[in-house]
Amino acid sequence: MNVPVQLVWLKRDLRLRDHRPLAEAARRGPVIVLYVFEPSLWQSGHLDRTHYEFVAQSLRELGNALAALGGRLMIRCGEFPEVLADLFARQPFEAIFSHQETGDGVTHARDRRVLGWSRRQGMVWYQFPQHGVVRGLRDRAGWSSSWQRLMRQPVVETVAAVDTPPGLGWGEIPTPESLGIPTAIPGTLQLGGESQAHCHLASFLGERGKDYRRSLSSPMTAAEHGSRLSPYLAWGNLSIRQVHQAVCQRQKQLLEIKAQERVAVQPWLDSLRSFGSRLIWHCHFIQKLESEPELEFRNLCRVYDGLREDDFDQERFERWRLGETGYPMIDACMHYLQQHRWINFRMRAMLMSFAAYQLWLHWRLPALWLARNFLDFEAGIHYPQCQMQSGVTGINSIRIYSARKQLQDQDPTGSFVKAYLPQLAHVPLNHLAEPWRMSLDEQQRYGCLIGRDYPSPIVEERAAIELAKRRIYAVRRTPAACLAAQAVYLRHGSRQSRFRDPLPGSASSGPASSSAVSARAGVGHHDLRQPFLPGFDDE
């Protein structure tokens, strides 16, 4: 008697451990494990060669791991549902197993096509949650409890063996050129793969994470003491449940050490508490896009429609993305990001804030550009955060980052800026935040002529901030904005104040002290209880 074949469709879940779709399918019999390179997805504007390399590394490791279990990894290049139809004609399968995905508009439309195809075949498509995101959610009541229940469930055991049907033609990873992906990549990137993910998790919980809480704001220290797990979570080399349970286990271990040996472990406990809160905020933001997929394209709070769209200045955008604004902290961060395809959350927030307020750019094009430069791009975190930094959510505080003050606070010695802007190497620290204020004699003395060696400032920051404040508060203080904010909060707002965890060195309500402007406006107290927390990269 022939046992039906099952299909496991890999998306952003490139691992074997804690993989319920694979475990459920393998329990039924022979399995085809499939990953598809979709040209439409790779040409959507969100991904580039760095993402390709990370995925390719992950797939090579995954393929070897499957082979060790007796299975094979099938690679295809094409679009859905045509890939499925072609495979089904050659080897019928009984059902599709995958994780749910909260992706961009391309993946959302693709999933709808796959659902239609499977229904026409009379086939069941089993989709399992992996992020604590709830499909079909009407509001946030009880959401955090649901998240906690999923995180407490046992990690799914890795399958002991995989039985794969023979003779199907397994395919190879396509070249980036065949997918229309540019070949140029930076030289310093995190490596993909499940083993790399677990190495980073182990080193963070064992050594690097002790100073996490006090180190995550500065680009000088966050690269070492941040978890650096964000790309592994974004591409599914790790599940959020694995990380959550590992953090809980480490906290338990530290508490036992504290009780038995009276060792000072409080910095560790503070850091893990702070990091643990960011795991739930990771899913909180993804839930926003799951509940409202249109957020990739339009403002969360619609009263802000038209605020910036018609004033978009292409030259300002180009200078911002190239790191040529004339503001050293902005430009150094841009050069760092393009080299490493990662930067810490506060600097990401600063870059987006500068684009939105000082340059008055609508968030959509800056968000697309940042997506291509974030190795850890996660649409569900990215777009709500970009809107949050642009002040168009209706329910979050307006915080405008001063490029000058961020340099003073986060790079007090100037070593970060000088490393990534060598033309400023000899500029003294007292002029580094605003080098254009040097006299011509000083510019010549320090080898940095403004307008030749380093750009003149693109705008006058203080005047730009004042203008942005007037514009955005002219909308925010209207009755229509208050009513709209209420509706946004009821659909997307957090109900759990206990997850508030301000950034180090900030006031109790968030990092207001590090911003040029921090002002609240809206519909009352409860609607603004979402903190300003890492969510871009889940440090």
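Since every read-out is calculated from the coordinates, none of them should be taken as a lab result. Model, not experiment: these values are computed from the prediction. Because the Cβ atoms are built from the backbone with ideal geometry, glycine has one as well, and the counts that use them run over all protein chains shown.
Quick notes on this one:
- For Lys418, the aspartates and glutamates whose Cα comes closer than 18 Å to its Cα, not counting residues fewer than 8 places off in the same chain, are Glu324, Asp331, Asp409, Glu434, Glu442, Asp453.
- For Ile400, the residues whose modelled amide H falls within less than 5 Å of its own, excluding neighbours fewer than 5 places apart on the same chain, are Ala516, Val517.
- Karplus-derived 3J(HN,Hα) values for segment 85-101, using 6.51 cos²θ - 1.76 cosθ + 1.60 with θ = phi - 60°, are 5, 5, 5, 5, 5, 8, 8, x, 10, 7, 8, 10, 10, 7, 7, 5, 10 Hz; glycine and proline are entered as x.
- Whole-Hz couplings from phi, Karplus 6.51/-1.76/1.60, listed for segment 441-446; x for Gly and Pro: 4, 5, 4, 5, 5, 9
- Straight-distance candidates among the aspartates and glutamates for linking to Lys469, with alpha-carbon spacing under 13 Å and chain neighbours fewer than 8 residues away dropped: Glu461.
- Label of the coordinate-derived value, Rg and Dmax of the Cα atoms in Å, listed as [x] 24.2, 89; [y] 25.9, 91; [z] 25.1, 74: [x]
- Considering helices alone, the calculated mean residue ellipticity of the chain at 222 nm is -14000 deg cm²/dmol, with DSSP H runs of length four and up weighted by -39500 (n - 2.57) and normalised per residue.
- Nonlocal amide H pairs with Tyr454, under 5 Å, H built at 1.01 Å: Leu449
- Spatially proximal aspartates and glutamates relative to Lys258 (Cα-Cα < 18 Å; intrachain offsets below 8 disregarded): Glu207, Asp211, Asp270
- Summary of packing: across the peptides 133-144, 9-20, the per-residue average of other C-beta atoms within 10 Å ranks them, highest first, as 9-20, 133-144.
- Highest mean packing comes first when the peptides 393-402, 346-355 are listed by Cβ atoms within 10 Å, giving 346-355, 393-402.
- Long-range HN-HN contacts of Gln130 with modeled amide H, under 5 Å: Gln100
- Annotation for Gln260 and Arg273: the two label points, set 7 Å from Cα along the Cα-Cβ direction, are 2.3 nm apart.
- Residue pairs exceeding 23 angstrom between C-alpha atoms, taken from Lys11/Lys252; Lys210/Lys252; Lys11/Lys288; Lys288/Lys405: Lys11/Lys252; Lys288/Lys405.
- Karplus-derived HN-Hα couplings along segment 396-403 (A = 6.51, B = -1.76, C = 1.60, θ = phi - 60°), whole Hz, x at Gly and Pro: 10, 4, 7, 10, 10, 7, 8, 4
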